[in-house]
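The values are calculated or read from the model by the stated rules, or taken from the named source; none is laboratory data. Keep in mind the model is a prediction, meaning the values are calculated, not measured. Note: ideal-geometry Cβ built from the backbone for every residue, glycine included; neighbour counts use all protein chains shown. Ligands, DNA and RNA are stripped out before the accessible areas are found, and what is left, the full protein with its side chains, is counted by its heavy atoms. Shrake-Rupley method; radii C 1.70, N 1.55, O 1.52, S 1.80 Å.
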Amino acid sequence: MENQLGLLRVRIIRGINLAIRDLRSSDPYVVVTMGKQKLKTRVVKKNVNPEWNEDLTLCISEPILPIKLQVYDKDTFSYDDKMGDAELDIVPFIDAVRMTRFKNIPNGVILSRIMPSRQNCYSEESSIVYENGKVVQNVFLRLRNVECGEIQLQLQWIDVPS
């Protein structure tokens, strides 16, 4: 791939208070896209607080594009219903990764903090941390274009030998 920087492991941990799209519940799954890359989680049946704990891996290259998450309700006999979306700018995360290169950084150091604002989908403050030799960020994203719901995920950088 052209100008590949590395791999980004996106762990989709869980959904919180997702919208009801069936009679009493939903059958949610998450689609993660970045440019032409598109990955999805499994469907969790009848649950508005699903636990996926699934690792999806994206190849990161220049230019750095945002990660888009779309949550859907799986339907058998009709199109899947939209349950909200979110966007995650990973430039601060990639900047933190670049900051750790060729440096001896102690375990547990907070490299950067991101505050929730109207310009992002964060639902609470998020720290980018250097843990056990890896750059990690735990994120809670507020879903847009829906009445309720959040997605919890974790980003982790994977260096690719050049």
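Compute the acute angle (0 to 90°) between the alpha-carbon long axis of helix 91-100 and the principal axis of greatest extent of the alpha-carbon atoms of the chain; round to the nearest 10°.
Approximately 30 degrees, to the nearest ten.
Under a GNM of the chain (C-alpha, springs under 10 Å), which listed residue has the highest mean-square fluctuation: Ile151, Ile128, Ile110?
Ile110
Of all accessible surface on the chain at a 1.4 Å probe, what whole percent is carbon and sulfur?
Its accessible area is 48 percent carbon and sulfur atoms.
Which residue, Gln37, Gln70, Gln137, tops the fluctuation ranking in a GNM of the chain built on C-alpha contacts under 10 Å?
Comparing Gln37, Gln70, Gln137 in the GNM, the peak value goes to Gln37.
If I take every Cα pair under 8 Å that is 6 or more residues apart in the chain, average their sequence separation and divide by the length, what percent do I get for the relative contact order?
Worked out over the chain, it gives 27 percent.
Say we join alpha carbon atoms closer than 10 Å with springs in a Gaussian network model of the chain; which of Thr33, Thr57, Thr100 then has the biggest fluctuation?
Comparing Thr33, Thr57, Thr100 in the GNM, the peak value goes to Thr100.
What are the aspartates and glutamates whose alpha-carbon lies under 15 Å from the alpha-carbon of Lys46, with same-chain residues fewer than 8 places away excluded?
Asp22, Asp27, Asp73, Asp75, Asp80, Asp81
Sorted by accessible area (1.4 Å probe), largest first, how do Arg21, Arg144 line up?
Arg144, Arg21
Can you flag which of Lys40/Lys134; Lys45/Lys134; Lys40/Lys82; Lys36/Lys103; Lys38/Lys103; Lys36/Lys82 are past 22 Å Cα-Cα?
Among Lys40/Lys134; Lys45/Lys134; Lys40/Lys82; Lys36/Lys103; Lys38/Lys103; Lys36/Lys82, the Cα-Cα distance tops 22 Å for Lys40/Lys134; Lys45/Lys134; Lys36/Lys103; Lys38/Lys103.
Along Cα→Cβ, 7 Å out, is where each label goes; now give me the distance between the ones at Asn145 and Glu131 in nm to one decimal.
3.1 nm
Over region 92-162, what is the mean sequence separation of C-alpha contacts under 8 Å (at least six apart), divided by residue count, expressed as relative contact order in percent?
24 percent
With every protein chain kept in the model, how would you rank Ile114, Ile67 by accessible area, 1.4 Å probe, largest at the top?
Listed by decreasing accessible area, they come as Ile114, Ile67.
Taking N as the number of residues in region 66-140, what is its Cα Rg relative to 2.2 N^0.38 Å?
Relative to the 2.2 N^0.38 Å estimate, region 66-140 comes out at 1.44.
Heavy-atom accessible area per residue, region 1-55, 1.4 Å probe: how many Å²?
59 Å²
Specify which labelled value, from (1) 9, 31, 37, 18, 4, 0; (2) 11, 42, 36, 10, 1; (3) 10, 39, 33, 15, 3, 0, agrees with P(r) over Cα pairs in 10 Å bins from 0, in percent derived from the coordinates of the model shown.
Answer label, from the structure shown: (3).
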